[in-house]
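All of the numbers you see were taken from the coordinates with simple rules; none came from a lab. The model shown is predicted, which means the values in this text are computed figures rather than measured ones. Cβ placement follows ideal geometry from the backbone for every residue including glycine, while neighbour counts extend to all protein chains displayed.
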Ligand code: ARG
Ligand code: GLU
C-alpha cells in the first residue's frame, strides 16, 4: 500500500527502474529467452559474461549447431543428447508418466529404480516422442504481407491460418521434414521451426523416487534442493537414421551432435547457458491482466487444489495400489498448486502490479504524443474498459474448472458424451458396437489409474467449496439435486458413484456389448454424464462473453507489444515463451532472498543424507545410497570427499525447460535444469534478477548415481567426459 508521502520518492524510483528496464545493461542481461537464430545480437554481452565459443557453435544456418543435441521431450519437457548413440538425458519428473505406464506393484520402478544392464534391456515407451529443431527461420513477411494492422478477430485469424498451412506445406516439401509456424511477440512476428520427431524411444535409466523425487512437494520449487531429478532414454531410428515407429529392427540413433560432459565443476559467477523449450510466459501484459492472475485465478486454484490434494494424500498413504495409480496425477496437480503460491508471493514481494501501473503511466505519456504509433494511445484505456466487467466471470469459470471439473468422474463425463455421439451416427448394430468399444478402449488410461472411493471423497470436498463460493450462480441441475438429497453431499455422492458406469471398464463394457442403435438411455441416465452436461450447459452461458474478452485482449496485446517495442527501439526484446526452442544465459549464483540466510549456490549429498527420515517416504534416502555416502564411494565424481548434488544460476527459464541442458562457457554440459526457486517463479510475468534462479542437478551427481547406485557404468563409457 502506498502512503502519500512516500509516493513521489517511489515514482522517481519507479521511473529509474523503468528506464533501466529499457537499456540493455549487463545488470539485467540474464532476463530473456532468445530465439537461437538471433543470438548474434547478444554475442558481445555473452562474451563479457564469460562465453568462450562463437555463437555459431550454438546455432547456425548450416544445421551443424548444438540445437541438434537438444530435443523437445514428450509434449512439454526438454532433453539433451549425451552420446553418439542417441542417449538422452532429461528429468526424473519428465520420465515419470512414461515409467508409470511401465510400472506395476510387481515392477515398482518408483520404489526400486530401473537401470538397463545393456542395450537389450532398454524398455520401449508407447507413445513417447522426441523432436529435434533442425532450423529456425523468420517467415513474418510471408505470413503478414499486406495485412492491415487493425484487422482483427476471425477474419485476420483465418487469413493467417491459411497462409500458415500453405507455407508449412511448401517448407515440408522442400526440406522433407516437419514444419511448424508459430506466432511470436503476440502475433507481430512468425517463425518456422523445421523439425524431426522420433517415435521409438526407450527407457534406459530411472533412479528410485528416494533419489529422483527426493523431497517431494516439500522441496519442490524451493532452494536449497536435494533432488536427483534425472532419467535417461534412448532414441531409436530406422536403417537410414530417420524417425520410425517402434520396431525391434530399429537401431540407436546416430547423433552427429551431442553434448560433451564437463565433470570439472564450476564456481559462483561462472557463465551458464540453458537451451530448451520454455512453455508460456506473459512478460508484456497490462496490470489489468496481471491482477486477474494475482487476485483471482492463482488464489482459486490454490484453494481448490489444497483440498483435493489433502484427500488424495490420505487415500494414497492408506494403499500402495492407490499410491501407484495417483502418484503421477498427484505430481502434476501439486506442481501447479505450489508454483502459484510462490508466484503470488513473488509478485507481492516485488509489487509487480504496482510496477506495471507505473510503467503504464510512462507508456501512456509516450503514446499520447507518438506519431509513429497512432493506435497506441487508446490501447490501455480500451484494456481497462474490457477488463472492468469481466472479473466475476473469470472467478466463476475458475471455480467451474478447478472445483467441478477437478472431480475426475465429472471430467470423464465428456467421454460419455463421445459415446452418445456414436449413437447419432446411424450405424448398423455391429459397426455401432465396434465404434463404442473403440471409445471405451481409449479410456484405458483413465480406468487403470482411477479409484472411485478416492474420487468420491474429492467430490464431497470440492462440491462443498463450489456451493459455498458460487451459490448464486449454480447450474440449475446441481441445485435441484442438492435439494433433492436434503442439502446433504453424502447421499448425493453415494448415489452418483454407485449408479455411474464409469467406476470400472467392465461395468461400462457390459452396457456397450448389449447396445442397440435404438438404445442410448443407459448413458443419458448416467449421473456422471448428467453432471458433466449440466456443467457444460452452465459454462455455455458465460463462455461467449469470456472468449469475446480474450479475443479483444489478444488484439490489444498485439498492438501493445508492438508499441512497447516502438517506444524503446534500443532495447532488444525477447518474445514470450511459446514452447519453441530458446537459449537463456546467466551465471552460477547463490540465492539469499531476505538477508542473512546466505544459501550457497550448491547443495551436496551430505545435506540430503542429513534430511533422511524413514518415517516420511519423500525423505527416505535409499539404503544403498547411504552406504555409498558412508564409504564416500563417489568414484571419479566427488570433490574432496563431498558429492555435489544441485546448483542454482540466474537463467530465465520456465515450465518446459525441465530437463534442459545447462552448459558452461565452452558449451559443455554441467547440469540438467529442473526447477526454479519459490519467490522467483513469478518470472513468467516479471523477472527480478535478485530473486529469480533456475535449479539444476549437478551432472557429477547424475554420473555418480548411474555408475555407483545404478551399476550402469556401461552408459558412462558411451559419453565424452572432459574436465577430469
Ligand atoms: N517444479 C518442477 C517443475 O515444474 C518439478 C516438478 C516435479 N517435482 C514434484 N515434486 N512434483 O516441473
Ligand atoms: N519443473 C519445470 C518443468 O517441468 C521447470 C521449472 C520451471 O518452471 O522453471 O518444466
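Would you pick out the residues in segment 520-537 that are part of a loop (DSSP other than H, G, I, E, B) and in contact (Cβ under 8 Å) with a residue 60 or more places away in the chain?
520, 526, listed by residue number.
Check whether at least one residue in segment 675-693 is in contact (Cβ under 8 Å) with a residue 12 or more places away in the chain, away from ligand 2 (no atom under 12 Å from the Cβ) and under 24 Å from residue 89 (Cα atoms), and report yes or no.
no
I'm trying to understand the selection: among the residues of segment 428-445, which are outside any loop (DSSP other than H, G, I, E, B), in contact (Cβ under 8 Å) with a residue 40 or more places away in the chain and closer than 22 Å to residue 101 by Cα? Working first, answer last.
As a first pass, look at segment 428-445 and keep what is outside any loop (DSSP other than H, G, I, E, B): 429-441, 444-445.
Cutting the leftovers down to in contact (Cβ under 8 Å) with a residue 40 or more places away in the chain gives us 429, 432-433, 436-437, 440, 444.
Across segment 428-445, the qualifying residues are 437, 440, 444.
Can you tell me which of 113, 101, 86 is away from ligand 1 (no atom under 16 Å from the Cβ) and without any contact (Cβ under 8 Å) to a residue 40 or more places away in the chain? Steps first, please.
On the way: 113 fails: without any contact (Cβ under 8 Å) to a residue 40 or more places away in the chain; 86 fails: without any contact (Cβ under 8 Å) to a residue 40 or more places away in the chain.
When all the criteria are applied, what remains is 101.
Which condition does residue 128 not pass, out of (1) in contact with a helix residue (DSSP H, G or I) (Cβ under 7 Å, 6 or more places away or on another chain); (2) within 16 Å of ligand 1 (Cβ to nearest atom), if it passes all the others?
Tallying (1) in contact with a helix residue (DSSP H, G or I) (Cβ under 7 Å, 6 or more places away or on another chain); (2) within 16 Å of ligand 1 (Cβ to nearest atom), residue 128 fails exactly one: (2).
Would you point out which residue out of 502, 581, 559, 543 is farther than 29 Å from residue 652 by Cβ, surrounded by 21 or more Cβ atoms within 10 Å (Cβ to Cβ) and in contact (Cβ under 8 Å) with a residue 24 or more places away in the chain? Working first, answer last.
On the way: 581 fails: farther than 29 Å from residue 652 by Cβ; 559 fails: farther than 29 Å from residue 652 by Cβ; 543 fails: surrounded by 21 or more Cβ atoms within 10 Å (Cβ to Cβ).
Of 502, 581, 559, 543, the one residue that is farther than 29 Å from residue 652 by Cβ, surrounded by 21 or more Cβ atoms within 10 Å (Cβ to Cβ) and in contact (Cβ under 8 Å) with a residue 24 or more places away in the chain is 502.
Scan (1) surrounded by fewer than 15 Cβ atoms within 10 Å (Cβ to Cβ); (2) away from ligand 2 (no atom under 16 Å from the Cβ) for the single condition residue 375 breaks and write down its number.
(1)
Inspect all residues belonging to segment 209-232 and state whether any of them is buried (at least 23 other Cβ atoms within 10 Å of the Cβ), at negative phi and away from ligand 1 (no atom under 16 Å from the Cβ).
Yes, because at least one residue in segment 209-232 is buried (at least 23 other Cβ atoms within 10 Å of the Cβ), at negative phi and away from ligand 1 (no atom under 16 Å from the Cβ).
With respect to the numbered conditions (1) within 16 Å of ligand 2 (Cβ to nearest atom); (2) surrounded by fewer than 20 Cβ atoms within 10 Å (Cβ to Cβ), which one is the sole condition not fulfilled by residue 101?
Checking residue 101 against (1) within 16 Å of ligand 2 (Cβ to nearest atom); (2) surrounded by fewer than 20 Cβ atoms within 10 Å (Cβ to Cβ), the one that fails is (1).
Report whether or not residue 110 is assigned to a helix (DSSP H, G or I), away from ligand 2 (no atom under 16 Å from the Cβ), at negative phi and surrounded by 20 or more Cβ atoms within 10 Å (Cβ to Cβ). Can you show your working first?
On the way: assigned to a helix (DSSP H, G or I): yes; away from ligand 2 (no atom under 16 Å from the Cβ): yes; at negative phi: yes; surrounded by 20 or more Cβ atoms within 10 Å (Cβ to Cβ): yes.
Criteria met by residue 110.
Inspect all residues belonging to segment 282-292 and state whether any of them is within 14 Å of ligand 1 (Cβ to nearest atom) and either out of contact with any strand residue (DSSP E or B) (no Cβ under 9 Å at 6 or more places or on another chain) or more than 30 Å from residue 133 (Cα to Cα) (or both). Give the steps one after another, and end with the answer.
From segment 282-292, those within 14 Å of ligand 1 (Cβ to nearest atom) are none; that's our starting set.
Scanning segment 282-292, I find no residue that is within 14 Å of ligand 1 (Cβ to nearest atom) and either out of contact with any strand residue (DSSP E or B) (no Cβ under 9 Å at 6 or more places or on another chain) or more than 30 Å from residue 133 (Cα to Cα) (or both), so the answer is no.
Out of (1) in contact with a strand residue (DSSP E or B) (Cβ under 6 Å, 6 or more places away or on another chain); (2) farther than 19 Å from residue 259 by Cα, what's the single condition that is false for residue 688?
Among (1) in contact with a strand residue (DSSP E or B) (Cβ under 6 Å, 6 or more places away or on another chain); (2) farther than 19 Å from residue 259 by Cα, residue 688 violates only (1).
Any idea which residue in segment 59-98 is farthest from residue 674 (Cα to Cα), counting only those that are assigned to a helix (DSSP H, G or I), touching a strand residue (DSSP E or B) at 6+ places or on another chain (Cβ under 9 Å) and within 15 Å of ligand 2 (Cβ to nearest atom)? Lay out the reasoning, then the answer.
Start the filter on segment 59-98 by keeping residues that are assigned to a helix (DSSP H, G or I), which leaves 66-69, 92-98.
Among the residues that remain, those that are also touching a strand residue (DSSP E or B) at 6+ places or on another chain (Cβ under 9 Å) are: 66-69, 92-96, 98.
Restricting the remaining residues to those that are within 15 Å of ligand 2 (Cβ to nearest atom) gives 92-96, 98.
Working: 92: 9, 93: 9, 94: 9, 95: 12, 96: 13, 98: 17 Å.
Here the answer is 98.
Output the number of the condition that residue 688 fails; it satisfies all remaining conditions of (1) more than 28 Å from residue 32 (Cβ to Cβ); (2) assigned to a loop (DSSP other than H, G, I, E, B).
The single condition residue 688 does not satisfy is (1).
Each row is one residue, and each column tells you yes or no for (1) farther than 28 Å from residue 324 by Cβ; (2) under 18 Å from the mean Cα position of the chain (by Cα).
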| site | (1), (2) |
| --- | --- |
| 67 | yes, no |
| 80 | yes, yes |
| 83 | yes, no |
| 87 | no, no |
| 92 | no, yes |
| 108 | no, no |
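In segment 210-229, how many are away from ligand 2 (no atom under 16 Å from the Cβ) and within 18 Å of residue 659 (Cβ to Cβ)?
So the count comes out to 1.
All but one of (1) closer than 23 Å to residue 540 by Cβ; (2) crowded, with 18+ Cβ neighbours inside 10 Å hold for residue 493; state the number of the condition that does not hold.
(1)
For residue 70, work out the one condition from (1) more than 14 Å from ligand 1 (Cβ to nearest atom); (2) without any contact (Cβ under 8 Å) to a residue 60 or more places away in the chain it doesn't fulfil.
(2)
With respect to residue 134, is the statement that it is more than 16 Å from ligand 2 (Cβ to nearest atom), outside any helix (DSSP H, G or I) and surrounded by 15 or more Cβ atoms within 10 Å (Cβ to Cβ) true? Outline the logic, then answer.
Numbers: more than 16 Å from ligand 2 (Cβ to nearest atom): yes; outside any helix (DSSP H, G or I): yes; surrounded by 15 or more Cβ atoms within 10 Å (Cβ to Cβ): yes.
Considered against the rule, which asks whether it is more than 16 Å from ligand 2 (Cβ to nearest atom), outside any helix (DSSP H, G or I) and surrounded by 15 or more Cβ atoms within 10 Å (Cβ to Cβ), residue 134 comes out as yes.
For segment 332-363: of the residues being under 21 Å from residue 566 (Cβ atoms) and touching a helix residue (DSSP H, G or I) at 6+ places or on another chain (Cβ under 6 Å), which is farthest from ligand 1 (Cβ to nearest atom)? If you could, list the steps in order and put the result at the bottom.
Residues of segment 332-363 under 21 Å from residue 566 (Cβ atoms): 355-363.
Then keep just the ones that are touching a helix residue (DSSP H, G or I) at 6+ places or on another chain (Cβ under 6 Å); that gives 356-360, 362.
Values: 356: 25, 357: 29, 358: 30, 359: 28, 360: 30, 362: 34 Å.
Within segment 332-363, the match that is farthest from ligand 1 (Cβ to nearest atom) is 362.
Does segment 190-207 include one or more residues that are within 12 Å of ligand 1 (Cβ to nearest atom) and farther than 30 Å from residue 565 by Cβ? Break it down into steps so the answer makes sense when it comes.
First pass over segment 190-207, keeping only residues within 12 Å of ligand 1 (Cβ to nearest atom): none.
The answer is no, given that none of the residues of segment 190-207 is within 12 Å of ligand 1 (Cβ to nearest atom) and farther than 30 Å from residue 565 by Cβ.
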